[in-house]
Structures are given as C-alpha cells and as structure tokens.
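Take a look at the structure set out below.
Derivation of every value follows stated rules applied to the coordinates shown; laboratory data play no part. Bear in mind that the values here come from a model prediction, so they are computed numbers and not experimental data. Here the Cβ positions follow ideal geometry from the backbone for every residue, glycine too, while neighbour counts run over all protein chains shown.
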Amino acid sequence: MSTFDGGIGSRVVGAVGSARSRLAALADRPTTENNLVGYLLVLPNVVVFSLFLLGPIAYAFVLSFQEWNLFLGTGEPAWTEVFGVRLPVANYLDTLMPLPWENDWGSIRSPSYNLWWFAVRNTVAYTAVVVPVQIVGGFLVALALDTRIRGKKVFRAAYFMPVMLSAAASGVIWRWVMAKNGVLNELLRPLGLAYPWASSPDTALAALMLIGLWGGIGFNMILYLAGLQNIPEELYEAARIDGADGWQRVRHVTWPNLRNTHFFVTVLAIIGTFQVFGIALAFAEGGPARATTTIVVLIYETAFVESSFGRAASMAFLLFAVVFVFSYYRYRIQQQQEVEY
Amino acid sequence: MAETTLDGVTKRFAGDDGEVLAVDDLSLTVRDGEFLVLVGPSGCGKSTTLRTIAGLEAVSAGAVHIGDRDVTDVKPKDRDIAMVFQSYALYPQKTVRGNMRFGLEMTTDLPDAEITERVADAAELLDITELLDRRPAALSGGQQQRVALGRAIVRDPAVFLMDEPLSNLDAKLRAEMRTELQALHDQLGATTVYVTHDQTEAMTMGDRIAVLDGGRLQQVGTPMETYYEPTNEFVATFVGSPSMNIVEGTFDGEAIQLPGFEFPLADDQREAVEAGLTGETVRLGVRPEDIVLTDETGPRTVEFETLVVEPMGNENVLHLDHEMGEVVATVGGNQRVRKGDRVRATLGADRVHAFDGTTGEALFNRTRDEQRPPGVVGARGTDDRAETDGGETG
Amino acid sequence: MTRNDSTDDGTDRDRLTRRRLLYSGAVSSLVFTAGCGGGSDSGTDDGSDGGGDGDGGSDGDGGSDGDGSSDGDGGSDGDGGMGTDTDGGMDGDATTLSVASWGGETEQEIVTGILDEYDSSNDSVRIEYQNTPFGEYSQTLQTQFAGDEEPDVFYLIADDAPTFMRNGALLALDDYVRGDDAFNLDDILDNLLEPFTYEGTIYGIPKDFTPVGLMYDTAHLDQAGAPDPETWSDMRTALEMVKSETDVEYPMAVGSQPRNTLMQLVWQNGGDVLNEDGTEAVIGSQEAIEALEFLNGLVEDDLAGIYEQDIEATWAAPALGEGTTTMAMTGAWVISTLEGDYSEVYDALEVGMPVPEGGEEATVVFTTSWSASANTDAPDAAAGLVKALTNEEGMWDWASTGTALPSRQSLLERDFYDDRPLLDGLGDLGSVGRPLVFGPKTPTILDSIMTEAEAVLTGDKDPATALEDAQRQINQEL
C-alpha cells in the first residue's frame, strides 16, 4: 500500500480493500491524503490570487526599489547612499526625507515641504477624528435603533444608505452640498454662517471627515446591531437587579459585551480611514491646496499623474507597513485578551 | 429575610394573536426563611411569576409584597432581592471579584473595606476564593454557578430568586449542587423562591412546592403533600416519576367501572365520590409503586401482559397491557419480569386516587401512612427536618 | 538613451514584452496594495487643475474642464472605425499605421477625413484610428508606450513632449521635414516648434495652437463707463467700475489653480519659472510675487471670482456667455461655444492682454503636435502621415473650423480671420506666447506653483511665502 501513500489512488484501493486495511490506511496517512485533496480544492483560488494579487504586489515591491522608465519599460535600481552604503532605496528616502522634525515640522504644517508627511498628517488627522466618532456614533445609533421605536426600519435604511453609495458618488454629492453656493450654505446663510467649506483649505479636511462619518456610521451601525443581538437579555436583567441604571447598563453590559464587534469595527475603520481615497478624490481631488491629499490620493497622483511608479510603489509599501503593524498589534492584543479569559 | 406575598398577580403579554395570559390571578405566600419551589411544565408561568417578584416584569394586576413593603411598583434594585439566572449572567469582562462587588457598589454606599470583606466571606462560603481574580470565561460551569450564587449572597437580600439555576449543569454536578444549595439554605436561612421544571429537583429541594399550570396555581404544599395528596389530576401526574397511572371509568354508585375491570370502593371513598363528582366519569389514579405483583387473586387484582421492561437497577419499570389501557408498574430491581410475561397485580384499596373526570379535581386521595424506618437512632438539635416532612396542609 | 527595440532581436523583445505585462499588473497592484479600489477615476474633466480656468487643453479642443463645448474634449469617443480596409486586397504588402488623437465629433471628423484621404491615396498604407477622451489621453499614451502598444502617429501635448523626447520615444523628423520645400518648415511658428525640439532635433510638428488672451465683454464695460483693459491698472479700474456700476458680482473669473491666468502675469512683470538654462527655479522672485499679489488682490476684493466656487460656471464660455462675469483669461477653445450658444455676448467680446506699466508683452500659449513613435515599423510612412496632417492643406482643414489657430504663419494671414475678431486677436498674441513647458519636470513644476497659488487664492497663504515655497520645491525636484 505504501506506494499509494498520499495519493488519491489509495482511497480507491482502500475502498475496495478489506475493512481492516481500510482502517489501517486511514490511521496511517489521513493527513497527507486529506491535505492533497484540500490543496486541490483551493488550487483555483490560489492560482487566481497569485496571478492577480500576490504577483502584482510582489512586483510592485520590486518596483519600489527601482527608478522606472516608462518608455524603456525597464527599471534600474534606485541607488542611493545611506550612511556610506549603496542601497536601492532612493524612492523610500525621497519619500521620507526630510523627516518632519528636520524642518521644524514644516511638512506637517504645510504641503510645501514634503508631501508625503503632509499626506500622513492629513490621513492621521482624518483617522483620529473619523475612527472614534464613527465607532461611537455607529454604536449609539445602533443602540437607539435597537429599542422599540416607531419606524426604526426606516431609520436603519436611512443610516445604511450612504454605505451603499459609491465613494465617488458620495464625494460628488457632498461637493455640491458643501459648495460655496451649495445647499448647506443656503441653510447657513440666514444664520450668517455661510462659508466655502469644501473650497477653503482650512475646512476641506474637516468637510471630508464629515463625509467619512456620514458613510461610516451606517456601516458600523449594522455591525453593532448584529453585535447587540448576541448579548443575552439575562445580563441586562442581572444588571438591573444589581442596580445599574440605563447608562450604567450600557457601560457595564452593552459596551464590554461588544468586545468582538469593537475589535472588528476598529480594525476595519482604521484600515479604511488610512486608505481613504475615493471620497477624497471625488470630493476635492486632494485639494484645495493639498488640504485633502491623503496618503492614497498622493500615491495615486504620484503613480498616475506624475508617472513616478517606483516612487508611488515605495509609498504604497510604507502605507502597507503602517496598516500591517497596526492590524498586527491589534490582533496580538486581542489574542492576549483571549488567553486571559 | 422576609415573607413574600403575591396577591392576585396577573401578567398578560402582547402576543402575535392578541394577548397571552402568562400568570392568571396568582396568590401565594412565601414564608420567611422558606425554600419555595415554583414548578411546572414549560410555559406554565413559573418564570414569569419569579420575574414579577424580581420586578423584571411589571404585573398587569395584583400586588407583590416583600416583608411589609408593597414593592409592586418598586424597581428591581430597590426590592432587596438577588437573583440567580439559568445562564448565570455573569459580566464577562469583570473578574469574579468584580462580578460579586458590582451589585454592592451600585446599590449601597458601603465602604470599600466592607464590600471586600463581604465578598471574601461569600467566596469562602462557596469555596471560590482562589477564583476571585479570574474572569468567567476561564471557569467551569459549576464554578460559574457558584460565582452566580456568590453574587447573590453578598447582597444579603431579603429574598433569593433562582431561575432554573441548575439546568445548565450535567446530571452529576446537578445532584451535587442540589445538596449544596440545600445546605447553603439551611446555613443562611434565607427566603428563597426557586423555579424549576424538574419535579425531582422540586421534590428534593423545596420546603414547599408550588405547582403551576397554564398560568394558574394548582397546589402549594410540602413535597409529600403534593405527592400523596394532590389536589387535582394535573398535580398528581406531574409530581412523581414514573407518572401516576390514570384510567378512566364510570361511577355506578358502588364501584368504579373500568374497561374490563370493576374497582370496588370503600365506604369513605364512595362517600367522597358521591359528594364531589360533577359528572359520570371518574378517573382512577394509581402510582406505579402501588401496583403490586401478587400470587393471590382478589377483587382488586388484574392480570396484565408485559409489553416492555425497563431495568433501572434499583427497580424495574414494567409497561403492562390491559383492556383498560397501558399502565406502568415498578418492581424491585432484583425481581425479574420478562417481556411477554403474564403478571397478576393488585391495586391496593387504600392506594388509589380518584379524580373527577370533568374538572380533574381530586375526589379522594390514597391514605398516607408514614413510618420511621429502622435504624433511626436519634436527631440533631431541633428536629426541623422532620417537622417539615410532617406536612402541613396547604 | 535612444530606444532601438525595433532593431533588437526577437529574444530581447520577448523579454521586454513579458516584463511589461508584469508591469501593467504592478500598476494595478499599486492601487490594490493601497486598498483604495474606490471606483473614482481621475475624471476626464476634473483632473489636476481642479476647477481651473476651463483650459488645460493645449489646443482648441475644449480644455480639461468638462466644458462640454461643442467641439470639446470628453465628447463621444467612438473611434469612427475609419479607413481600415479601404484598399481591400492590398493587405499583403500594405503597411498599417495606427493613429491616435482625442477630440469630439468635429475634430474627429476632420482628423479621420484627412486620414481617409491619405489612406486611399497611398496604396501601401492602411490606417487604423483610435480616439481617446482628452482627460485620459496622456495617461493612455504613456501606458501604451510602456506596453509596446503605442500608436505610430499621435497627438502630443507640449507639456508631455520633454519626457517623451528625452526617453527617445519619438521619431526624429528632421530628415523628412527639413529641406522639403513643399512642406515649408520655416512657415511654422518658431515658438511653437520649440517645445518639440530637443538637442536640435525636431520630434513633432505643432498642429495648431492657441494663446491665452483676456476676453472681455464690452457691453459691461460700456455700461460701467470703464476703460479697455490695456494695462494692469486699467484692468483693475475696469473691474472696480463694473462691480460698482453694474450688478455683476464677480467681473472677472479665474480658476482656483490659475493655469490660464498666473504665468503670463509673472512673465509680463519680468519674472519666470526657471532661470535661463533651466537649472534653478526663480519663481520666488519679487516680480513673480507681485504678479500673484496682483491676482490675489482681485480675488480678495471680490473683483475676481473663482470658478465653481464664486461663479457657478466651470469654465470661461458659460461664465462670459451668461453675463455672470465680464472678463476671463482664456483661449480659442471657448470661441465655438460662445458663437453657437451665446451669440449676443460673442458679438460684444473683445480680446487683448493687459501688461503692467513698463512690463513686457507675454502670454501663455498651448500647443499640440503630431508626432510619431520611434518604435514604428514604418518610419517613412509615419513621417509621411505627420507631414500630410501638418502641411498647409492638412493643417487648414482643421484650423478652418475656427476652433484653434494654425501654427503656420501663412495660414494665420488668410482673410478667413478678418471677420473673426476673437481668433484674429488671439492670433496677434501668438508671437508673444510662451508654452508652459519647463523641461521634463513640467507637470510637477506646474503642480507645485498652482497648488501654492491655490493656497493663496482660496486660503490665506501669503503670496511671497507661497512662491518661495514653490521655488524651494522646484529646486528640490531639479
């Protein structure tokens, strides 16, 4: 039988063989056999994945160390000296240098020094505002809609609607709404509060955050609504008997029992906001005066407007590193918590 | 510690097809320090009744008193109660200590040291001191059960409410916890209302049992009372395992005519039937252990064919066939009856119950004769156990 | 760095091709890695000049701003499928040339008409035509080059030319056009040929051009009793008078990134982007700062409004045509829309270019060439086609639509322009026009300047700081 070890053939042999040898066969090598079948089953997926995702990603990684010449269709290593060592990391250095503190944080304050750091600033600011508000907002809306209120289905649909809208569409809609002569200002003008929200560099990023929130709260709401269904009613009753009033029950029962939802929502929100692109591009094309140039918008412009593919690839991998570190540590923390229980 | 009274409590829920009556005009007094078991099949309203005491459900009509207080409209936290849930309902993010402290922190302004001490005492009582810093997910079912109890105990409430607290445990652990809960109750002497669907649990744990069906209270009494003196056919068949056999017949003024068998009545039995019967049909009840195999023949002996024998070890459960229907009898575990055997059995004259065929009310019950078994050589302290068993008419 | 793939042997070619295949995958993976995937595209009409002056097009075809002018870009891009098989059975030895351009219906018709004619009169050449919307054109062309799929003959915007020329992507045309009397290279305006010349070699023949002029509505000026804007101060006075005397809220229109407006002001005032030899940025000079200060002053005083923000219109034609504004810096591409849709205003419009007192005459000129790929299989046929498209006859076919100006002096002098004052006026500016071309870093350089200008016009950045910042950034790039 050993000749057939690990092959599908052994199945057939085993099936026609005696019950005893079949048992022996199963005991001998179930793992190899099952693995092979398993590999065959995932093969199409692996092939497609490698061809269209993994391969290009790997190639982009190579690209990030090259000076790509669009016309020759060839890249040459982007050599540079780092502490006297010759390394092909010019794209990375060009992206990162000067470091923010080297010009007295000028690149954080203004897009005129180093666009990468300015885009990082924009993205971090966007994330820092959007993620917590989106999460808390989604949670509160879910909480409100989880009760017995009239027309809650209508509200749910209303909050979820933006999620179904493409980023481009919502970006354009908000661009109109917040335009200097848009609907928003028509409403604010009588109050003397009209302002070119979308077209002033001072407010464009805040306006973008608002769009992000508008789109994100509904999505998080759905996740939280699902999470809320999983909290046993008895916990609330126990808390009522223990003397917790409405908000204390939210604090001591609802919020901590949504641990898994929080994790999921946070990771998705952070990854999502770090990669905000569609709405930023459609809303203001990264402007005005770079105010809404986020990291991915910058990558896009570097690659497809400036045609600096190597440089853009290096930016993409810097972003990837940030998002990866984030996801990984959040994952580790989650793992540790799991062990604790 | 306090007496708890339900007075005409009614609870209606809005259902899909109009209102559902979950508890129907239920009045019940739980005595101070008593362990009262609410028992009944699922949907009988026992949990709802418990929750009206807890204040988790508002009553539709009626009143709830704990001690001297009318708590009908009082919030759960202010009712001076503690509750143990079927799923334990421990806060997963809090340690055992945190779970036990929480109620005291929320409802009292006890100093921290006092809370700590009470938690430590309760933990020691329940033997969970070494678990205090763990989180619920790291505990076994039995340990979680103890923590849930501990959380109730630290509150030092007037009434303990327990909603099927043992039903999530495996059979062996359940039996252990049963004993332990009784011991704990004896030690704390706290008024306890305990809900279960398991009549064995009810029998073994309750000072008294309240049997519910269809939202109505059927009978309140000691376990022995509900067993030997059921007020109606429902209680008779619900309490005891295997269930009481019921055979339908008619009363002809002298005896009860059953299919293929005439059961003669004693004088007092006949008088009871004459006094109570509303229609013609009488339903005769006899517990499996009261169907006694015998060699002799007599007016109350019947011959059966054995359909099935279920050996339980300590006894064999016989499913017997007769024209009157299938009846269940039990014989000693060492008495071998085979499937297909023809057996003769006698239904003891004073061992049968009779129920009104129309209303289900008991017409007469079997006589109760209690003896102290040999080997009882004395009692410890006040003989309260015997007193309880001695029975009170509910 | 001359590219000579065509002479390479097959093996090498295969290798390159494979690599390019991977390359195009890598491009998409960039997007994936960054995880954007958000279906937004750069949009044909709201590209990087974000609400610019409705131009950005290098020639008269409507610019990048989604104008929807009658001949505009972004129009239908059906490729007409012309000329594919006109010579039927000649396939065997016929050379196939692929030709690419952008352009709406009018432009496409004319281009394909010329191509058809060339096709049918040259038995040995067959032509395949592809049309790409303007907004995607530059990117598509570069990607085609990267994938070895580029057309043989194509439109090339002046801004892109330096990059293409330096990389040896274009066919040198000198041997074909120099010394061909019939073609008459000298007739082509020098300042238009210059962007397509690299190290003395010609790589493209400008097919047309348009200078940017200040178009102004004389009806508004007359109503306000304002002077014609001959100098900067006249212009400011005129704007002030129109604002106070008429109900025009913003008498001038400008883009938030003023690609059509800022650079000529800088040049007129004696400033420039780079120094003479292109090695250093000088956009932070006092002259340039004054120019931006002048423009910003108009915006700050609400004499000039910004497209899409202050003024609903997104480009000059509707802004002028609907009378919401009095003047705008714009090019020939607005003329057909104005003439067709706003004839009343069209009749009242005049074109000029104010200069500061003591300043020099200058303006921006946009131009596009016909060029050929260095990699073409049939360089002779390709160069022949470029010549056919840009000789007197071919160029006039297109220029006579009045959408852009011909880049030949002889054509500019035709009577055709006598009763077309706007075109004629623009034509007069041709000689002082300078292309917005600053070497291979042109897109980045312009982007830096325009972003800084946007920060000044829409935000509260100080013009001096902005242009000094731009200068520093450009120097970094250089």
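Working from Cα pairs under 8 Å separated by at least six residues, relative contact order for chain A is 21 percent. Label-to-label distance for A:W176 and C:D116 is 3.9 nm, based on points extended 7 Å past Cα in the beta-carbon direction.
Among C:D180, C:D419, A:D94, the ranking by other beta carbons within 10 Å of each residue's beta carbon, starting with the fewest, stands as C:D419, C:D180, A:D94. Rg over Rh for the stretch B:98-168 works out to 0.95, using Cα positions for both radii and the Kirkwood form for Rh. Using the Cβ-Cβ distance between C:E361 and C:T218 with R0 = 22 Å, the FRET efficiency computed as 1/(1 + (r/R0)^6) comes to roughly 0.55.
Ratio to report: Rg/Rh of the stretch C:103-168, with Cα atoms as the point set and Rh obtained by the Kirkwood method; give two decimals. Using only Cα positions, Rg/Rh for the stretch C:103-168 is 1.00. Amide H contacts for C:E128 (H built 1.01 Å from N in the peptide plane; partners 5 or more residues away or on another chain; cut-off under 5 Å): C:L97, C:S98, C:V99. What residue among C:T314, C:M353, C:T367 has its Cα farthest toward the positive end of the dipole of the stretch C:309-392, where the charges are +1 on Lys, Arg and -1 on Asp, Glu, each on the Cβ? Toward the positive end, the furthest listed residue is C:T367.
In a simple Cβ point-charge model (Lys, Arg +1; Asp, Glu -1; nothing else charged), the protein assembly as shown has a dipole of about 7680 debye relative to its Cα centre.
Note on the protein assembly as shown: the C-alpha convex hull projects to 73.0 nm² when averaged across all orientations.
Derived from the Cα gyration tensor, the three semi-axes of the equivalent ellipsoid of the stretch B:310-375 are 25, 21, 10 Å, largest first. For the stretch A:235-252, putting each phi into the Karplus relation 6.51 cos²θ - 1.76 cosθ + 1.60 with θ = phi - 60° gives couplings of 5, 5, 5, 4, 5, 4, 5, 6, x, 8, 7, x, 6, 5, 5, 4, 6, 8 Hz, in residue order, rounded to whole numbers and with x for Gly and Pro. For the peptide A:228-235, the mean number of other protein chain Cβ atoms found within 10 angstrom of a residue's Cβ is 3. Less than 5 angstrom separates the built amide H of B:M162 from those of B:V84, B:V193, B:Y194, B:V195, all sequence-distant by 5 or more or on a different chain. Taking every alpha-carbon pair within the stretch C:133-248, the share separated by more than 20 Å comes to 59 percent. Taking θ as phi - 60° and the Karplus parameters 6.51, -1.76 and 1.60, the scalar couplings of the stretch C:272-285 work out to 7, 8, 10, 6, 3, 8, x, 9, 8, 7, 10, 5, x, 5 Hz in sequence order, x denoting glycine and proline. Neighbouring Cβ atoms from other chains, within 10 Å of the Cβ of residues in B:68-78, number 2 on average. Remark on the stretch A:76-213: ratio of C-alpha radius of gyration to 2.2 N^0.38 Å is 1.50.
Its Cα gyration tensor gives the stretch C:284-409 an equivalent ellipsoid; the semi-axes, largest first and in whole Å, are 36, 22, 14. Equivalent-ellipsoid semi-axes for the stretch C:379-449 (Cα gyration tensor, √(5λ), whole Å, largest first): 26, 22, 9. Here the peptides C:216-223, C:312-319 are ranked by packing, the mean other Cβ count within 10 Å, and the order with the highest first is C:312-319, C:216-223.
Convex hull of alpha carbon positions in the stretch B:4-228: directionally averaged projected area 12.7 nm². Label-to-label distance for B:D25 and C:E105 is 8.8 nm, based on points extended 7 Å past Cα in the beta-carbon direction.
Along the stretch A:257-266 the Karplus relation, 6.51 cos²θ - 1.76 cosθ + 1.60 evaluated at θ = phi - 60°, assigns HN-Hα couplings of 7, 9, 3, 5, 5, 4, 4, 4, 4, 5 Hz to successive residues, with x for each Gly and Pro.
Averaged over peptide C:205-218, the number of partner chain Cβ atoms lying within 10 Å of each residue's Cβ comes to 0. P(r) for chain B, from all Cα pairs and a bin width of 10 Å, is 5, 19, 26, 23, 16, 8, 3, 0 %, short bins first. Under the simplified labelling scheme, the A:F83-B:T129 pair shows an inter-label distance of 5.7 nm, with each label point 7 Å from Cα along Cα→Cβ. Of the three principal axes defined by the Cα atoms of chain A, the extents in descending order read 91, 72, 36 Å. Beyond 17 Å, the tail of the calculated P(r) for the stretch A:209-326 holds 67 percent of the Cα pairs. Set against the 2.2 N^0.38 Å expectation for a compact globular protein, the stretch B:245-364 has a Cα radius of gyration ratio of 1.09. My understanding is that a pair violates if its Cα-Cα distance is over 25 Å; which of A:K153/B:K11; A:K180/C:K243; B:K46/B:K77; A:K180/C:K441; A:K152/A:K180; B:K11/B:K75 do that in this structure? Over 25 Å apart, Cα to Cα: A:K153/B:K11; A:K180/C:K441; A:K152/A:K180.
Comparing mean-square fluctuations of A:F139, A:F219, A:F52 from a GNM of chain A with C-alpha springs under 10 Å, the top value falls on A:F52. Close amide H partners of C:M353, meaning residues 5 or more places away or on another chain with modelled amide H under 5 Å apart, are C:L214. Dipole of the protein assembly as shown computed with +1 at Lys/Arg Cβ and -1 at Asp/Glu Cβ about the Cα centre; of C:L422, B:T301, C:Y176, farthest Cα towards the positive end is B:T301.
Tell me which aspartates and glutamates have Cα within less than 20 Å of B:K339's Cα, excluding those fewer than 8 residues away on the same chain? The qualifying aspartates and glutamates are B:E289, B:D295, B:E303, B:E305, B:E310, B:E315, B:D321, B:E323, B:E326. The simple Förster model, with R0 at 35 Å and r as the Cβ-Cβ distance, assigns A:L36 and A:R330 a FRET efficiency of 0.50.
Note on the stretch A:117-183: Cα-Cα pairs beyond 14 Å make up 73% of the total pair count.
In chain B, helical runs assigned H by DSSP with n ≥ 4 each contribute -39500 (n - 2.57); averaged across all residues and rounded to the nearest 500, the mean residue ellipticity at 222 nm is -8000 deg cm²/dmol.
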